[in-house]
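Heads up: the structure comes next, in structure tokens.
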Amino acid sequence: MIYGTNKPATAAPAVSSMKSKVQTSIRQSTPSLGRWGRSTVTSSPIAIPAGAGGGGGGDSEYLGASPPHSPNSPPPIPPRPVARQSSFTKIGYMINTAVNGTKKQFISSTSGGNGDTSWCFSQIKGALDDDVTDADIISCVEFNHDGELLATGDKGGRVVIFQRDPASKSSNPRRGEYNVYSTFQSHEPEFDYLKSLEIEEKINKIRWLRRKNQSHFLLSTNDKTIKLWKVSERDKRVEGYNTREDNGSIRDPAMISSLRVPSIKPMDLMVEASPRRIFANAHTYHINSISVNSDQETYLSADDLRLNLWHLEITDQSFNIVDIKPANMEELTEVITAAEFHPTECNVFVYSSSKGTIRLCDMRSSALCDRHAKLFEEPEDVDITNKSFFREIISSISDVKLSNTGRYMISRDYLSIKVWDLHMETKPIETYPVHEYLRTKLCSLYENDCIFDKFECCWNGNDSSIMTGSYNNFFRVFDRNSKKDVTLEASRDIIKPKTVLKPRKVCTGGKRKKDEISVDCLDFNKKILHTAWHPLENIIAVAATNNLFIFQDKF
């Protein structure tokens, strides 16, 4: 097994220009967090609502109570529920077990992926007005593990949860229809007085936890604060209290002449969302990723320069497991752009960087994972004619997602999406161009800052297809088996139920056909940055500005 090695940082033509963009989100350095230390979280002026848990004790309804530990020592590592491998030295052997496991059943009316699927419109959520406020722009989309719930976050700090319509599941053919289930304000705008820094309420990421009881749990984060939310239903109320009236007012003790037995009465269904944990003050820079571990007890959070490991029961401590901050910020050459845990191995995670590299780390080898176990990097093009001023900027990875089996991962850079085999570090096994026709437009895209857009990507349920977004409200679906791909548009012109989406093509030459659109006519203000694929069916959710489009395979 040959492990990847850290390459020395080298100057590149676009480093200075990229650094000016990157460092807009990097604030002035502050006293650094502990290294293995723990990152001790200082007292916070944020008021925790009633019911929100404190440090290691308190509300343990999701995970069960944590074992006691000393306040000056790291929190105990919970027992791993996954089977351990016999080898503790070869990551390749460990990952190989995920491939031989049973794949998740993919319920679909088609045998293949996109190559055999015709997509049709199902629903659109959100106002159809042309006057869109910035707070209504959708900033993240995420299905839960069984696809029954779909959550969206927006720039206004709101989280909207949609629930699958039961009638759509029992109909023949099955339909992908969702209704509003719950809406709540997750984050509020804040101001850091010590740094004179405004903290936006925008929701950067939402991640669901696996369901273990009647309630649902999810993590949501803005730039600085992560919250664990409990979403529960209540359809009964208690009447006949002795010390207070049914409206909540306190009864006069002198008027109580007899004891009453409280009774439970039915009521209209009410969905409540309450914060159970608030994880704050552990990130100096903007949080770009959160990922729940397969043990369902820990999760990681990543900002531009550090990765922290949290326990879901402990809010006042986190462990800094990766730190790439240089001693001198002038020597900064790359930042962390995305991070994710392995879907089955609780000790393995990956993170990507703005230099186009992906590092795989194993927490069994070292508590501090600054030295990676594997480095996935595409070899540099030796042809000087193919190098451009924007090469480093467009090679920056905006998103990385591990497959459901854990054998592969996809990475999205500005112009393409790549599929990597975790057994092969030297180059991707598949590369799909997303909008290669924009390569000649990089100068104008740099001037209007579109070149720094962060497109996300996602897998389908059985890892046979991948999806990502583009401009002009276009999104791309690639079938890995047939090698077919299609460009579709999330347009208001097709919001008639059962309307089949027509493939779109972009023309780069002088002449164009009737159904083609010229590259000069693309609207760069309309962009699909956030997409999600149902884990079990051919249902996709696409965020287009303030609208959420839901498509499914043809009826």
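The values are calculated or read from the model by the stated rules, or taken from the named source; none is laboratory data. Nothing here was measured: the structure is a model prediction, and the numbers come from that model. Please note: Cβ atoms are built from the backbone with ideal geometry, for glycine as well, and neighbour counts cover all protein chains shown. Surface areas here come from the heavy atoms of the whole protein model, side chains and all, with no ligands, DNA or RNA. Shrake-Rupley method; radii C 1.70, N 1.55, O 1.52, S 1.80 Å.
The table for this structure:
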{"item": "Of all residues making up the stretch 350-376, the number that are open to solvent by 50 Å² or more (accessible area, probe 1.4 Å) and within 20 Å of VAL419 (Cα to Cα)", "result": "1"}
{"item": "Top-ranked residue in the stretch 328-349 [being under 24 Å from ASN293 (Cα atoms) and acidic (Asp, Glu); ranked as surrounded by the fewest Cβ atoms within 10 Å (Cβ to Cβ)]", "result": "GLU340"}
{"item": "Set THR337, THR426, THR333: member being of a type in the set (Ser, Thr, Tyr) and in contact with a helix residue (DSSP H, G or I) (Cβ under 8 Å, 6 or more places away or on another chain)", "result": "THR333"}
{"item": "Some residue of the stretch 224-244 being touching a Lys or Arg at 6+ places or on another chain (Cβ under 9 Å) and within 26 Å of ASP362 (Cβ to Cβ)", "result": "yes"}
{"item": "Candidates LYS484, LYS454, LYS427, filtered to the one that is basic (Lys, Arg), closer than 22 Å to SER289 by Cα and surrounded by fewer than 19 Cβ atoms within 10 Å (Cβ to Cβ)", "result": "LYS454"}
{"item": "Strands (runs of 3 or more DSSP E) completely within the stretch 175-286 that count 3 or more residues being charged (D, E, K, R), touching a strand residue (DSSP E or B) at 6+ places or on another chain (Cβ under 9 Å) and surrounded by 12 or more Cβ atoms within 10 Å (Cβ to Cβ)", "result": "226-239, 263-279"}
{"item": "Residue list for the stretch 394-413, filter: in contact with a helix residue (DSSP H, G or I) (Cβ under 6 Å, 6 or more places away or on another chain) and either open to solvent by less than 10 Å² (accessible area, probe 1.4 Å) or farther than 15 Å from CYS450 by Cα (or both)", "result": "THR405, GLY406, ARG407"}
{"item": "Failed item, numbered, when ARG476 is tested on (1) of a type in the set (Lys, Arg); (2) within 22 Å of PHE549 (Cα to Cα); (3) assigned to a loop (DSSP other than H, G, I, E, B)", "result": "(3)"}
{"item": "Per-region count, the stretch 431-451, residues part of a helix (DSSP H, G or I) and either of a type in the set (Ser, Thr, Tyr) or surrounded by 14 or more Cβ atoms within 10 Å (Cβ to Cβ) (or both)", "result": "11"}
{"item": "Pairs with Cβ under 8 Å, 6+ apart, first in the stretch 161-183 and over 22 Å from ILE138 (Cα atoms) and polar (S, T, N, Q), second modelled with pLDDT of 85 or more and open to solvent by less than 30 Å² (accessible area, probe 1.4 Å)", "result": "SER168/GLY176"}
{"item": "Tally of residues being in contact with a helix residue (DSSP H, G or I) (Cβ under 7 Å, 6 or more places away or on another chain) and of a type in the set (Lys, Arg) across the stretch 173-230", "result": "2"}
{"item": "The stretch 499-519 - residue that is at pLDDT 90 or above and open to solvent by 50 Å² or more (accessible area, probe 1.4 Å) and, of those, nearest to ASP165 (Cα to Cα)", "result": "VAL500"}
{"item": "Yes/no for PHE341 being aromatic (Phe, Trp, Tyr), in contact with a strand residue (DSSP E or B) (Cβ under 9 Å, 6 or more places away or on another chain), under 26 Å from SER139 (Cα atoms) and at pLDDT 95 or above", "result": "yes"}
{"item": "Residues that are touching a Ser or Thr at 6+ places or on another chain (Cβ under 7 Å), among the basic types (Lys, Arg) and under 21 Å from LYS454 (Cα atoms), drawn from the stretch 497-555", "result": "LYS526"}
{"item": "Residue match in the stretch 499-507 (condition: outside any strand (DSSP E or B) and within 21 Å of SER416 (Cα to Cα))", "result": "yes"}
{"item": "Hits in the stretch 314-327 - residues which are out of contact with any Leu (no Cβ under 8 Å at 6 or more places or on another chain), part of a loop (DSSP other than H, G, I, E, B) and open to solvent by less than 40 Å² (accessible area, probe 1.4 Å)", "result": "ILE314, THR315"}
{"item": "Cross-chain or 6+ apart pairs with Cβ under 6 Å, the stretch 237-252 first and within 15 Å of LYS265 (Cα to Cα), then of a type in the set (A, V, I, L, M, F, W, C) and assigned to a loop (DSSP other than H, G, I, E, B)", "result": "none"}
{"item": "Residues (of a type outside the set (D, E, K, R), in contact (Cβ under 8 Å) with a residue 60 or more places away in the chain and either crowded, with 23+ Cβ neighbours inside 10 Å or part of a strand (DSSP E or B) (or both)) located in the stretch 289-313", "result": "SER289, ILE290, SER291, VAL292, THR298, TYR299, SER301, LEU307, ASN308, TRP310, HIS311, LEU312"}
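For (1) modelled with pLDDT of 95 or more; (2) under 20 Å from SER301 (Cα atoms); (3) not in a loop (DSSP other than H, G, I, E, B), each residue gets a yes or a no:
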residue	(1), (2), (3)
THR333	no, no, no
CYS361	yes, yes, yes
ASP370	no, yes, no
GLU378	no, no, no
VAL382	no, no, no
THR385	no, no, yes
SER388	no, no, no
SER411	yes, yes, yes
